[in-house]
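The values are calculated or read from the model by the stated rules, or taken from the named source; none is laboratory data. All of these numbers come straight from a predicted model, not from anything done at the bench. Here the Cβ is made from the backbone with ideal geometry for all residues, glycine too, and neighbour counts use every protein chain on show.
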């Protein structure tokens, strides 16, 4: 059976599991069509992505009316974005690993590209191994997606055209969240 990027994913997943034994490490399998699988089957296989749940204390930067709730206050804020192609569900900034990058480098770069915000990454809060396969065909593509907690270090919100449909700081999470923003958001909202 053809297993694209399996060794790469196994090595990195094992390293995260050793370093962060209390962090959830999950596998999710998805069946795709042969045509959709062709996007994975290339000379440099897709290896995964890095994401950052960026939190900012209002004392770290002035709030602007375009990026905040209606009433300014001293509550921490989390950075969320409406991914390109999405108009309703807010998500966690991040994206694909480029050649030579690790998950942390990809997460920091993607946050900067998508939002114009800089951050320092902390520990991961989720390690997700995705397996994409074509039913009844002997091939699968593997990718590893790592979600980190992060702290704002600078920058003003300014989404790069084509990277996101919107970005904002939230003290209170919006009702419509993507899967991973909702997952991390439940724990963040319960922090008080």
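Here are a few things to note about the model shown:
- Residues in the stretch 103-123 that are out of contact with any strand residue (DSSP E or B) (no Cβ under 7 Å at 6 or more places or on another chain) and under 15 Å from residue 158 (Cα atoms): 109, 113, 116.
- Restricting attention to the stretch 97-112, the residues that are under 13 Å from the mean Cα position of the chain (by Cα) and either surrounded by 15 or more Cβ atoms within 10 Å (Cβ to Cβ) or more than 24 Å from residue 15 (Cα to Cα) (or both) total 10.
- Qualifying residue in the stretch 160-178 (condition: within 30 Å of residue 3 (Cβ to Cβ), under 17 Å from the mean Cα position of the chain (by Cα) and surrounded by fewer than 22 Cβ atoms within 10 Å (Cβ to Cβ)): yes
- The stretch 16-39 residues that are in contact (Cβ under 8 Å) with a residue 60 or more places away in the chain and at negative phi, paired with ones that are loosely packed, with under 10 Cβ neighbours inside 10 Å and not in a strand (DSSP E or B) (beta carbon under 8 Å, 6 or more apart): 31/135
- Residues that are assigned to a loop (DSSP other than H, G, I, E, B) and more than 16 Å from residue 96 (Cβ to Cβ), drawn from the stretch 24-40: 24, 32, 33, 38
- Residue 133 satisfies every condition listed in (1) surrounded by 13 or more Cβ atoms within 10 Å (Cβ to Cβ); (2) at pLDDT 95 or above except (2).
Quick grid of which residues meet (1) free of Cβ contacts under 8 Å to residues at least 60 places away in the same chain; (2) outside any loop (DSSP other than H, G, I, E, B); (3) touching a helix residue (DSSP H, G or I) at 6+ places or on another chain (Cβ under 6 Å); (4) within 22 Å of residue 57 (Cα to Cα):
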position	(1), (2), (3), (4)
146	no, yes, yes, no
149	no, yes, no, yes
162	no, no, no, no
168	no, yes, yes, yes
172	no, no, no, yes
185	no, yes, no, yes
188	no, yes, no, yes
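- Residue ID - surrounded by the most Cβ atoms within 10 Å (Cβ to Cβ), chosen from residues in the stretch 65-84 that are part of a loop (DSSP other than H, G, I, E, B), at pLDDT below 80 and in contact with a strand residue (DSSP E or B) (Cβ under 9 Å, 6 or more places away or on another chain): 68
- The residue of the stretch 25-59 that is modelled with the lowest pLDDT, among those that are closer than 14 Å to residue 171 by Cα and surrounded by 11 or more Cβ atoms within 10 Å (Cβ to Cβ), is 58.
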